[in-house]
Amino acid sequence: MKPALKTGLAVLAVVAVVIFSYWLGVRSNHAPGSAQPEVAEQVKSAPKILYYRNPMGLPDTSDVPKKDSMGMDYIPVYEEAAVHAQAKSARKILYYRNPMGLPDTSSVPKQDSMGMDYIAVYEGEEEESSASGTLIKISVDKVQKLGVKTEMAALRQLNRSVRAVGRIEPDERRVYTIAPKFEGWVDQLHVNATGDAVKAGQALFEVYSPDLISAQREYLIALQGMKSMQDAVTEAQSSMKDLAQASLMRLKSWDIGDEDLRRLRETGEVKRTIPYRSPVNGIVIEKTAIKGMRFMPGEALYKIADLSTVWIIADVSEQESGLVRAGQAAKIRLDAYPGREFSSRVSYVYPTLNQQTRTTPVRLEVANAAGLLRPGMYAEVTLSGLGSKGRVVTVPDSAVIYSGRRELVLVELAEGRYEARAVKLGARSDDYVEITEGIGEDEKVVVSANFLIDAESNLKAVISGFSQGEPSSAPAAAQPSH
């Protein structure tokens with residue numbers, strides 16, 4: 001055989017072997033029972049679909065995939081989800097709590113005033129009810145982050161000070177009105193400005209009055225008649241003496257001073273104008289007198305206030321008005337005199353209440369010889385507190401949470417465990433409040449970060465309320481309906 005022919009046969013043999021080997025490999029890959037191990041494992045681990053539920057939470061299921069009237073695919077419900085839902089429904093329900101975290105529970109399902117469903121509380125959950133309040137559990141690290149501080153409820157004697165804002169006013173018993181009892185004219189003014197200080201007996205103005213001139217003449221005639229009838233019978237002397245006395249009383253009733261009457265007797269001269277004098281020491285707080293004006297009997301020309309003693313009218317709130325008594329000591333501070341303190345006592349508690357401000361006026365009297373206290377000034381008044389009757393159970397005022405309808409206090413049962421109790425409050429002091437019901441002596445209460453604990457518990461309640469209200473969880477445990 002030729003060498004070229006031998007070479008061609010060898011090449012053909014090699015090609016045939018390669019083709020045969022490739023055919024055997026392809027056949028073995030497509031043979032039954034030769035699936036890849038990975039695919040088999042995935043098929044084995046895929047969860048089993050029990051049925052398909054309505055995507056809007058309606059009680060409608062299907063054995064096969066389908067769409068609702070809006071074109072939304074039904075949601076598959078797997079075997080594990082159903083088992084979990086059944087396990088949850090198998091837990092015992094202790095009670096139903098308010099969805100907003102309020103201390104209100106129910107043994108049966110119900111809704112609150114806003115239409116929100118009460119939340120079911122199961123055995124083993126963090127929040128549970130007790131006879132006196134709500135138990136709150138917080139992790140220890142969160143307690144440290146919140147900065148929770150506690151203090152023991154203890155027996156104390158409460159002494160509460162009452163603070164109020166007062167205003168300085170003139171003593172009403174030392175305010176005088178200058179109103180002549182006769183008709184006349186203001187001829188000349190000696191005190192011509194509001195705010196001027198005057199002394200008793202100082203001339204305020206010169207007055208001209210025909211009635212006053214006539215009264216002077218009658219008095220002088222009566223005096224001359226008494227002298228001329230010294231030798232007359234007793235009855236005539238007595239009549240003339242009575243006339244002189246009547247003229248003198250008339251002048252005195254018109255507030256003509258003794259000094260002017262003595263001058264009239266000594267000189268025997270009727271003056272055209274007579275000075276009208278101040279009856280008291282004080283400050284002119286009102287002045288209507290004008291030079292040349294005519295006045296009628298009883299018309300007020302001046303108002304003079306004696307400010308050697310002033311009043312402080314303090315407005316005490318309606319809630320604290322029961323703590324104020326006459327004779328109670330008081331401390332007074334004014335912005336005009338920083339660091340200075342004035343002492344006084346309550347002289348009178350008014351029997352009426354200001355309906356606009358809901359306050360009770362309280363009057364204090366303060367000596368003001370130096371004139372430092374001026375009417376119109378505002379004053380900060382601190383009244384000494386009245387003590388409670390004996391020692392009572394108290395907690396710091398910061399421990400009380402005011403929820404509107406009731407007052408709550410967080411009691412620490414153990415580290416990280418707190419009980420919110422409804423309490424009743426009694427008397428108060430500056431820093432402490434009496435607890436008449438709800439807490440006993442030596443119980444530890446939260447005085448710092450209690451609002452954060454309360455807010456966190458309420459937030460959990462709201463979140464739980466939203467999760468409980470989801471309609472998808474209930475049908476998940478239902479059996480397929482055909």
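The values are calculated or read from the model by the stated rules, or taken from the named source; none is laboratory data. Keep in mind the model is a prediction, meaning the values are calculated, not measured. Methodologically, a virtual Cβ is constructed for each residue, glycine included, from the backbone with ideal geometry; neighbour enumeration extends over all protein chains shown. Protein only, heavy atoms only, side chains kept; ligands, DNA and RNA dropped before computing areas. Shrake-Rupley method; radii C 1.70, N 1.55, O 1.52, S 1.80 Å.
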Taking Cα pairs under 8 Å and at least six residues apart, what relative contact order does the stretch 202-306 come out at, in percent?
-> 35
Nearest 0.05, what FRET efficiency do Ile93 and Ser317 give at R0 = 41 Å with Cβ-Cβ as r?
-> 0.30
Positive minus negative residues near Asp242 (Lys, Arg vs Asp, Glu; Cβ under 13 Å) = 0
Starting from the Cα gyration tensor of the stretch 322-405, take the square roots of the eigenvalues, sort them a ≥ b ≥ c, and report rounded, prolate or oblate (rounded when a/c is under 1.5, otherwise prolate if a/b is larger than b/c, else oblate).
-> prolate
Considering only the other residues whose Cβ falls under 15 Å of the Cβ of Met296, what net charge follows from Lys and Arg at +1 and Asp and Glu at -1?
-> -1
Ordering 401-410, 265-274 by per-residue average of other C-beta atoms within 10 angstrom, highest first, gives 401-410, 265-274
For the residue pair Lys149 and Lys137, what label-to-label distance in nm results when each label sits 7 Å from Cα along the Cα-to-beta-carbon direction?
-> 2.9
Accessible surface, the stretch 351-406, averaged per residue in Å² (probe 1.4 Å) = 58
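Gain in length, Asp335 to Thr436, computed as 0.36 nm per residue apart minus the alpha-carbon separation, to one decimal in nm?
Length gained, Asp335 through Thr436: 32.4 nm.
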Between Ser347 and Asp397, with labels modelled 7 Å along Cα→Cβ, what's the label distance in nm to one decimal, could you check?
-> 3.0
Cβ crowding within 10 Å averaged over residues, with 176-184, 61-69, 254-262 ranked highest first | 176-184, 254-262, 61-69
If packing is taken as the mean number of other Cβ atoms within 10 Å per residue, what is the order of 237-244, 163-170, highest first?
-> 163-170, 237-244
Note down the nm distance, to one decimal, between modelled labels 7 Å out along Cα→Cβ at Gln202 and at Ser106.
-> 8.0
Run the numbers on the stretch 297-402 and let me know its relative contact order in percent, using alpha-carbon pairs under 8 Å that are six or more apart.
-> 33
For the stretch 279-322, the per residue accessible area (1.4 Å probe, Å²) is 46
